[in-house]
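A short worksheet on the structure shown next.
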Amino acid sequence: MASERVLTRNVGRAAARTVRGYREGGGYEALSRALRMQPAEVVEEIKKSGLRGRGGAGFPCGMKWSFVPRNIDKPKYIVCNADESEPGTFKDRLLMEHDPHQLLEGCVIAGWAVGASTTYIYIRGEYTVATAILEEAIRDAYDQGVLGASVLGSGFRHDIHVHRGAGAYICGEETGLLESLEGKRGQPRVKPPFPAVVGAFGCPTVINNVETLCCVTHIVQRGAEWFKAIGTDERNTGPKLYAVSGHVERPGTYEHPIGITFRELLDSCGGMYKGRALKAWIPGGASAAMLTAADVDTQLDFDTLAKAGSMLGSAAVIVMDETTCVVRATLRLAEFFAHESCGQCTPCREGTNWMRILLERIASGHGAERDLDLLASVVPNVGGISLCALGDAAQGPVKSLLAKFGDEIRDNLRQRRYPLPQVPFFDLGAVA
Amino acid sequence: MSSPATPVALPAEVVARIDELRPRYPTEEALLLPALHLAQAANGGWLSAESMAAVAELLHLPVARVAGVVSFYDMFHPQPVGRHRIRLCTNLSCQLRGANELAVLLRHELGVEKGVVTPDGRASWVSFECLGSCDTAPMAMIDDAYHENLTPDQLRRILAELD
Amino acid sequence: MPRVTIDDRTLEVAAGTNLVDAAAAAGVQIPHYCYHPRLSVVGQCRMCMVEVEGMPKLQAACSTPVVKDGMVVRTQSPAAVEAQRAIMEFLLINHPLDCPICDQAGECGLQDYSFKHGQAFSRFRFEEKRVYPEKERIPLGPTVMLNMNRCIQCTRCVRFTEEVSKTGEIGFFNRGSHAEIGTVEGRPLDNPLSTCVVDICPVGALTSTRFRFAERVWYLDKKPSLCTGCDAGCNITLEHRRGSIKRYKPRYNAEVNDYWMCDFGRGTHERYRDEPRLLSPLVRKNDELAPASWREAIDALFQAVRAKRADGVTAFLGSGFLTTEEAFLLAQLARLVESPHLSVWTDSGPARQIPNPRGGVSGREAAPNRRGAEWAGLVPGADGLDGENLLLEGGADRCAALFVADSDFGKAARDPRVVERLRKARFLAVMGWADTPLARAADVVLPAATHAEREGTFVNSQSRLQRFTRAFPAPSQARPGVEILAELLGRFEPRWGSVDAATAFDLLAEEVDRFAELRWHSLPPQGVSLAAREAPEGAA
């Protein structure tokens, strides 16, 4: 199904990486327009558009901006969350590498809207290519008067700095990111206060995902109504990037109106890898509950997936076919969360490790049904009382494993079928 | 207990680069991650106790705090690494497309376990979490570059070309 | 002030008070580990989860402030109780079963909360507990030992060295279940307040090398007292077993030492154990000191002191370890024999500093009560011999009689040159607890009680008067200084014979303006500041 490429319109157009080339495609018109509006009007427009955060939490963007206190004698900051470490997610990388100015424009607009003169783009340290491209685009933007003391001659000052992370998933959590930006261990903070009031360096801060800020650019350019007309309903609006990986023929980033069904998305990726049968699929990154073949007609938007017991999250779609041992797959995600837990709070620090241990027992053949019962009773306490959402996230895959595959696992345990034979992807020949 | 690491002067160009970054941040502490990246790159890809002490002194931070920060992040290495650092992604999407086999291959070709430097100092490898390249799985980050859509043969070729 | 209801008890608290403190004010103990009133709030242990009406999720009490009226909190709702059980379970799955060999047993946060909020069985039965290899007993510094396996990662110690001692030796390393506290090689935990991290560690991860394996805490008798290491006047708890002092711990006083005390102070009780003690009165006969009865000894001293002699003066010398009451009685003695030669001697010590939110308190002298002793009257009259004359210049050769009370001069009491100088007095009497060369050189020796064995008051470096009580009785024939001096004074005027510390203080209060209107029995527990009071004319 053909849909207009909005966010990915400049992918493949190398010229768009320069200010001049970007402008030739209509770039920086939105910024001009925003600068002629009142900041509060810009916030209103974003609110009306129904734009929800594309980083994973899905929080209404305009509402977040409106939390920034207006009259306060402190500098304000925009922080672009380019930490993109959710397993299965690579859409922000695409945006930054191919259309850096789309992001920069969104940052400046956001700055104008809330009264911030500085943006920090917190980019994961491993994205060396995207970092270089962004820094070059920023240099160009300063040269061309798009950034600096007077953005497009408006008198509004805005600076953008790229700040590299150093390899920690928890730095994608808003306050973990702020701690890391400030030069500390990326350990999330107690909330309240929320970043909009006390954020970077104690000042009001708006933190937005890369894709969210790119949407901002288009909303200001074409209007909230246009944005709202795309998608499922007024709470699930706009174009969306879906990052598809795993057992599909053509893994990649696909732009569709938000709310496309999984079946349609799968089709657009060329279907299952080698035509194999679908066993399980994750709609939104490692924290999202797994779904099965029975759920293929689910619309991939925030609310529909939430109602289905999962989440859209970062729209990282991971597809697993019949050769996959779901216990081992869940174990891998449990290992991920245990490795990435910052270690501050008791339930996450100890709970993620315990879940990993129990899944390991089961997957390796040393487990019994009582381990499954124990796992079921441990999972609820890992989230809910943890300091940040990583504890909640870690529950997702395990809960869905038990809900969707519990019977199958019990059967396998009774029949002592674990460990299930692993189907190697590559044949290494003599090297075993 | 041995004597404290005497702060060895950081290379002048590292100090200069850190100084250039100072106006970007309202606090000195915020320079820590950029400073550690620079110090590590100038020290063969790892942060010795001396490097950490030097950065701590430069930024007026307690050494224990700097060491605590270094130990938090996967990209900072407080132990020596090979001339070439291989980070093989073994998260779910890459595992679904053969990362496990590539790990076996790495162990076999380099002859060392994860985190160990080859005797000739040429290389070391670790398994890493999702590197944001799941559509080109399986893949690895070698030094500063991504090597995507890896097959066993490709990986063998890449390893052979590392000096 | 907003009103909050906690477990059906309603009370008013200052706006901004967190729920842990508010609950404590209401008499409800919310379990917690990482929270400490003097450290930044991190909300990480998750032990203090409570139910707040109107909020869907449980809230961490330590990081939830009372801001306006109407907050209703339940600390024992089913959800809160389950959360407490779950946190206890999580903390215990990797915790070693070290209780039988762990110092913390009996005063352990895990033991206590496990008993109240946890479960009696483990569900972590087949797995290996996480260990930190080779970190079972590593010295973090000279005074603190770390067993990393026992740590519950509450980070109180990390925040202490960052925020209170401001020395930053302890860091937090690694992530997730490998997270650990520790120091960097070559930079051990070594600051004046190091051992405080042992006090605030809820478990036995951090233990004091001084106290390690010394005693099971349930055998310890705990008495409030004051530290005598310097004149900062830190409040302590003196913990002993049948008269053998095992440990000093700081005791909270917002006006003085807050929650802390210094490492040096903690060790000041060891000398009572390590040094030989005087246990019986001694009187010199035929040039040898022989045991005597108290009556004999006091009689001999009485005769020597009251005699008006042409060949010399009668002098009195006290130390900074005298209580205000002892000093007052000694000053009375000097007055009774009309001697202007009375003084106090104290070494000045290294400056010791205890931080508190009001700016901190410091001690500059090596003894607790020079100030109180002087204000109680131990000040030389015109041309009177003072400590410097006597100890350092040889003024004792002008003395027909010299009464040293007490002799806790520290180094000076063992310095042969000082002993020689003081011995030049024709008659030398020494009251003290330690069997020192000075005591052995005397004609009359009066065995006194140590600090733990008497009651009294001290005045600290900030002019705060504080009272302390006796922890246990003096052994053998040793007696508190007040008793000894009262009996001696009683030989002059019978009314003094039955004076105890309380009476002595009340008499002092009547006589000396600085102490006016104070009464021993109504002295407040945090002490009284005498700073604003006028010095009487002519006094120090």
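The values are calculated or read from the model by the stated rules, or taken from the named source; none is laboratory data. Here the structure is a predicted model, which is why all the values come from computation and not from measurement. FYI the Cβ positions are ideal-geometry reconstructions off the backbone, even for glycines, and counts take in every protein chain you see.
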Item checked: Selection status of A:GLY391, outside any loop (DSSP other than H, G, I, E, B) and closer than 21 Å to B:GLN95 by Cα -> no
Check: Across the stretch A:221-243, what is the total count of residues that are part of a helix (DSSP H, G or I) and either over 24 Å from A:VAL108 (Cα atoms) or modelled with pLDDT under 95 (or both)?
Finding: 0
Margin query: Just checking, does the stretch A:310-320 include any residue being at pLDDT 95 or above and under 20 Å from A:ILE409 (Cα atoms)?
Written below: yes
Next item on the list: Report the residue count in the stretch C:132-143 for those that are touching a residue at least 24 places away in the same chain (Cβ under 8 Å) and assigned to a loop (DSSP other than H, G, I, E, B).
Entry: 6
Notebook entry, point to check: Among the residues of the stretch C:173-181, is there at least one that is among the basic types (Lys, Arg), facing another protein chain (nearest Cβ under 9 Å) and not in a helix (DSSP H, G or I)?
Noted result: yes
Notebook entry, point to check: Can you find a residue in the stretch C:398-412 that is over 28 Å from C:GLU338 (Cα atoms) and surrounded by fewer than 24 Cβ atoms within 10 Å (Cβ to Cβ)?
Noted result: yes
Notebook entry, point to check: Limited to the stretch A:356-372, what total is found for residues that are more than 14 Å from A:ARG328 (Cβ to Cβ), assigned to a helix (DSSP H, G or I) and among the aliphatic types (A, V, I, L, M)?
Noted result: 2
Checklist line | The lone exception for C:PRO224 - which of (1) more than 13 Å from the chain's Cα centre (by Cα); (2) surrounded by fewer than 20 Cβ atoms within 10 Å (Cβ to Cβ) it fails | finding: (1)
Next item on the list: Give the stretch A:56-83 a look and list any residue that's closer than 15 Å to A:CYS214 by Cα and either within 14 Å of chain B (Cβ to nearest Cβ) or of a type in the set (A, V, I, L, M) (or both), or say none.
Entry: A:ILE78, A:VAL79, A:ASN81, A:ALA82
Margin query: Taking the condition of being charged (D, E, K, R) and under 18 Å from the mean Cα position of the chain (by Cα), how many residues in the stretch C:169-221 meet it?
Written below: 3
Notebook entry, point to check: In the stretch A:167-207, which residue that is under 18 Å from the mean Cα position of the chain (by Cα) and of a type in the set (D, E, K, R) is farthest from the other protein chains (Cβ to nearest Cβ)?
Noted result: A:GLU174
Next item on the list: Test C:ASP258 against the stated conditions and say whether it is among the charged types (D, E, K, R), outside the structural domain of C:GLU493 (by TED's automatic domain parsing), buried (at least 16 other Cβ atoms within 10 Å of the Cβ) and at positive phi.
Entry: yes
Check: Name the helices (runs of 4 or more DSSP H) wholly within the stretch A:18-131 that hold at least 3 residues that are closer than 27 Å to A:ASN236 by Cβ, of a type in the set (A, V, I, L, M) and in contact with a strand residue (DSSP E or B) (Cβ under 9 Å, 6 or more places away or on another chain)?
Finding: A:91-98, A:100-114
Next item on the list: Specify which of the listed residues (A:GLY145, A:GLY115, A:GLY111) is more than 14 Å from every other protein chain (Cβ to nearest Cβ), within 25 Å of A:VAL68 (Cα to Cα), over 17 Å from the mean Cα position of the chain (by Cα) and without any contact (Cβ under 8 Å) to a residue 60 or more places away in the chain.
Entry: A:GLY111
Next item on the list: Look through the stretch A:285-309, keep the residues that are within 21 Å of the chain's Cα centre (by Cα) and more than 17 Å from A:THR232 (Cα to Cα), and return whichever of them is surrounded by the fewest Cβ atoms within 10 Å (Cβ to Cβ).
Entry: A:GLY309
Check: For the stretch C:40-80, which residues satisfy the criterion of being buried (at least 19 other Cβ atoms within 10 Å of the Cβ), among the hydrophobic types (A, V, I, L, M, F, W, C) and in a loop (DSSP other than H, G, I, E, B)?
Finding: C:VAL42, C:CYS45, C:MET47, C:CYS48, C:LEU58, C:VAL66
Item checked: Residue under evaluation A:ARG332, criteria (1) at the interface with chain C (Cβ under 9 Å from one of its Cβ atoms); (2) within 23 Å of the chain's Cα centre (by Cα); (3) free of Cβ contacts under 8 Å to residues at least 40 places away in the same chain, criterion not met -> (1)
Item checked: Criterion (modelled with pLDDT under 95 and not aliphatic (A, V, I, L, M)) met by exactly one of C:ARG533, C:ARG479, C:ARG491 -> C:ARG533
Note to self: Taking the criterion of being β-branched (Val, Ile, Thr) and within 14 Å of chain C (Cβ to nearest Cβ), would at least one residue in the stretch B:70-89 satisfy it?
What the structure shows: yes
Margin query: I'd like to check something: does the stretch C:209-217 contain any residue that is in contact with a strand residue (DSSP E or B) (Cβ under 8 Å, 6 or more places away or on another chain), part of a loop (DSSP other than H, G, I, E, B), among the small types (Gly, Ala, Ser) and surrounded by fewer than 23 Cβ atoms within 10 Å (Cβ to Cβ)?
Written below: yes
Check: Restricted to the stretch B:38-74, and to residues that are assigned to a helix (DSSP H, G or I) and under 9 Å from the mean Cα position of the chain (by Cα), which residue is surrounded by the fewest Cβ atoms within 10 Å (Cβ to Cβ)?
Finding: B:ALA41
Notebook entry, point to check: Of the residues that make up the stretch A:363-377, is at least one under 24 Å from the mean Cα position of the chain (by Cα) and not β-branched (Val, Ile, Thr)?
Noted result: no
Next item on the list: Please work out which one of (1) assigned to a helix (DSSP H, G or I); (2) within 14 Å of another protein chain (Cβ to nearest Cβ) is the condition C:ALA22 fails and give its number.
Entry: (2)
Next item on the list: Hey, can you tell me all the residues within the stretch B:32-57 that are in contact with an Asp or Glu (Cβ under 9 Å, 6 or more places away or on another chain) and more than 12 Å from every other protein chain (Cβ to nearest Cβ)?
Entry: B:ALA42, B:ASN43, B:GLY45
Next item on the list: Working only within the stretch B:75-98, note down all residues that are over 22 Å from C:ARG175 (Cβ atoms) and either part of a loop (DSSP other than H, G, I, E, B) or without any contact (Cβ under 8 Å) to a residue 60 or more places away in the chain (or both).
Entry: B:GLY82, B:ARG83, B:SER93, B:LEU96, B:ARG97, B:GLY98
Note to self: Which residue is farthest from A:VAL378 (Cα to Cα), if the candidates are limited to the stretch A:324-347 and must be out of contact with any His (no Cβ under 8 Å at 6 or more places or on another chain) and part of a loop (DSSP other than H, G, I, E, B)?
What the structure shows: A:CYS325
Next item on the list: Kindly indicate whether C:ASP408 is among the charged types (D, E, K, R), assigned by TED's automatic domain parsing to the domain that holds C:ILE354, part of a loop (DSSP other than H, G, I, E, B) and in contact (Cβ under 8 Å) with a residue 60 or more places away in the chain.
Entry: yes
Note to self: Can you go through C:GLY43, C:GLY70 and tell me which one is over 18 Å from C:MET88 (Cα atoms) and over 29 Å from the mean Cα position of the chain (by Cα)?
What the structure shows: C:GLY70
